[in-house]
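Since every read-out is calculated from the coordinates, none of them should be taken as a lab result. All of these numbers come straight from a predicted model, not from anything done at the bench. Ideal geometry is used to build each Cβ from the backbone, glycine not excepted, and the neighbour counts take in all protein chains shown.
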Amino acid sequence: MNYKKLITELINNPLVTENDITLATEGHGDFALPCFKYARELRKAPQVIASDFASNLSERDFIDHVEVAGGYLNFYLSRKARVEAVLADCADKTSIKAVRAENAGKTVCIDYSSINIAKPFHIGHLMSTAIGGSLYRIFKYLGWNAVGINHLGDWGTQFGKLLAAYNEWGDKSRPLTLNDMLALYVRFTEESEKNPELAERGRTEFLKIERGEPEAVKTYELFKETTLAEVNKVYDRLGIKFDSYNGEAFYNDKMEPIIDELNAKALTEVSDGALVVKLDEFGMPPCLITRSDGATLYATRDLAAANYRADTYRFDKSLYVVATQQNLHFKQVFKVLELMGREWAKDLTHVQFGMVSYEGKPLSTRHGHVVFLADVIQNTVDKAKAIIEEKNPVLEDKDEIAENVGVGAVMFFALGTGRIKDVDFAYDKVLSFEGETAPYLQYTHARCRSVLAKGGDIGEVDCSLLTDDDSYAVIRHLDSYADTVRDSASKYEPSVIARYLIDLAQLYNRFYISGRIITEDKKLTFARLALTKAVADTLKEGMALLLINAPEKM
RNA sequence: GCGCCGGUAGCUCAGCUGGAUAGAGCAACGCCCUUCUAAGGCGUGGGUCGGGGGUUCGAAUCCCUUCCGGCGUACCA
């Protein structure tokens, strides 16, 4: 319910706009209007203005009373009416449906995860995967048509090297694994330093792939399939989905028209043998289109990809969930597209996130300073299992619940704080199951379900029984759910929802402890069960947006 | 050098489209399970919101400046 708007209408003064209404500080009602800013124009003291507004209020059924305190006019809403409205909205989803109606027909492309073929899936990939996967769900939830794109790193000379290494040392008698490929690649890098002939072999093998020689392509496809098969297991555990796996290889034949167009529009020039688009007047270094040897670059592929997505999906927004390191790259690409006259260039956004390090040092596959995502998940799941054995050994489906709790903990680690901050991965953080964590949310949800199961059917609810401070605090928070999800989408920031859910769980737990829900008093029991149900449903829906499952029991 | 981002309690963070006493979690200490899930709740201690200017009735929030840290800065992605 948009009370700010209602209050503004109630005051009905041209000076007062909706944005002037603020949430009241603890102990000062629900909403407040600070009247200081009108003092100059009205030539009156703020307190006087507040009292004037108060005495001129029109019909006000949703307000219980107002109070003038200092220069503030405080609004105390009619709690009973608000409880009714919130419980009704939780049940029929009116406000969420309204948001969906606004967004119907809109399309958003989300480029996320974007892993490299033949490279291990480590915690460095967690952020893009989790943030993108969450945004994918959030946008869908809000009525958008979302297109999830895994822009695979499946092209480049490293595949020639890997092919050479595989032909030389690969064990063809058993199925290839991701670890084998990593080992082969490392060995190749080491040995080719001593043996230049080997390095040359890498280049010629890549040429074979480029030319489409069947033998080479077959092995290259094997690398790709092997990687995807393993990585998909992780995606499945995390609940991550994609609609397209078109990556670098896919755009190989789509760059030439872009280069031709850039040349035709006289945007390019040759500099030190390379073809570039100069961006000096925009305060940026030039955007490299082709190398001096004629090879295309990262930017070239992204220009082609952006065009392809625009043509194919007709997006209203296109997001790139990529680390902040690539800030300049995207600025350049977006600017070049704008210079090419693409009116949709304004709809492209680099959704950047901070760097992931491990024990204070940057991650490095080559130096073995990596943490594999599958291992992290397994560790959190194992710990969840151990806690279940300790606290609730009679629980059914222990493995499934441990899986949900462990994966949830990993997701919350990635999505719980603002994405722009750098994060240092540490096991004690992901393995923490108390306080502001996914297990806390899941626990609260399971607690709700448990009470609901015991409480049975909910009869007619008397909303006046939920106007005490503990109950009303929960209601008030539930009231901002739809706005919170919308805010999270507009900021491309899943952590907004994470914070919201933590607060909701805290408020509910306080309510839960403050008195019994199921009592002899039928009417009171129904009212409290209704509140519990609203909280449980909201927690579950909100967690799903963060890729966190909500088990019924734990 | 220039550009982007961060700097809030011992630690991890929220608040940053300006509003009333700056909030959580973790860690520390002290309480609360014969009663609906203690993965929970309550309480105590803990803050020059990096520093300095400015704008304003009012600044963690806006502007300027400065320090510290991360990242980027043409043929990797």
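Couple of notes before you dig in:
- Rounded to the nearest 10 degrees, the inclination of helix A:94-103 to the longest alpha-carbon principal axis of chain A is 40 degrees.
- Total formal charge among the other residues, if their Cβ is under 10 angstrom from that of residue A:517, Lys/Arg +1 and Asp/Glu -1: +3
- Short-range pairs are left out: with C-alpha atoms under 8 Å and at least six residues apart, the relative contact order of chain A is 15 percent.
- Hydrodynamic radius by Kirkwood, which averages 1/r over all alpha carbon pairs of chain A, in angstrom: 27.1
- If R0 is taken as 22 Å, the Cβ-Cβ distance between residue A:186 and residue A:372 corresponds to a FRET efficiency of 0.90.
- Net lengthening on full extension, residue A:390/residue A:172 (0.36 nm per residue, minus Cα-Cα): 73.9 nm
- Of the GluC sites (Glu not before Pro) in region A:368-453, those whose Cβ has at most 16 other Cβ within 10 Å and which sit in DSSP loop: A:396, A:434
- When A:35, A:90 are sorted by how many other C-beta atoms sit within 10 angstrom of their C-beta, beginning with the fewest, the order is A:90, A:35.
- Within straight-line cross-link reach of residue A:278, lysines at Cα separation under 29 Å, skipping those fewer than 8 residues along the same chain: A:254, A:265, A:317, A:331, A:335, A:346
- Residue exposure sequence - A:255, A:1 - by fewest surrounding Cβ within 10 Å: A:1, A:255
- Set A:140/A:540; A:119/A:161; A:194/A:224 screened for pairs whose C-alpha atoms are more than 20 Å apart: A:194/A:224
- Loop-located GluC sites (Glu not before Pro) in region A:511-554 (DSSP state not H, G, I, E or B) with no more than 11 neighbouring Cβ atoms inside 10 Å: A:520.
- Value at 222 nm in deg cm²/dmol, rounded to 500, when DSSP H runs of n ≥ 4 in chain A each add -39,500 (n - 2.57): -17000 deg cm²/dmol
- Percent RCO, i.e. relative contact order, over region A:3-77, from Cα pairs under 8 Å lying at least 6 residues apart: 31
- Cα-based reach from residue A:398 at 16 Å (exclusive), listing lysines while leaving out same-chain residues under 8 positions away: A:383, A:385, A:553
- Cα centroids of region A:93-130 and region A:441-460: 31 Å apart.
- Extension gain for the segment residue A:236 to residue A:97, taken as residue separation times 0.36 nm less the Cα-Cα distance, is 47.1 nm to one decimal.
- Per residue, the convex hull spanned by the Cα atoms of region A:3-77 amounts to 77 cubic angstrom.
- In chain A, the DSSP beta bridges split such that about 55 percent are antiparallel, to the nearest 5.
- Computed label-point distance, nm, for sites residue A:355 and residue A:225 using a 7 Å Cα→Cβ extension: 3.9
- In chain A, the longest principal axis of the Cα atoms and the axis of helix A:126-141 are about 50 degrees apart.
- Seen against the Cα atoms of chain A and their longest principal axis, helix A:196-211 is set at about 70 degrees.
- Shape call, region A:391-484: gyration tensor on alpha carbons, a/c limit 1.5: oblate
- Placing dummy labels 7 Å off each Cα toward the beta-carbon, the span from residue A:40 to residue A:426 is 4.8 nm.
- Part-to-part distance (alpha-carbon centres) for region A:220-275 and region A:351-411, which is given in Å: 30
- Euclidean distance between Cα centres, region A:498-519 to region A:139-159, Å: 38
- Subtracting the Cα-Cα distance of residue A:490 and residue A:51 from 0.36 nm times their residue separation leaves 154.3 nm of extension gain.
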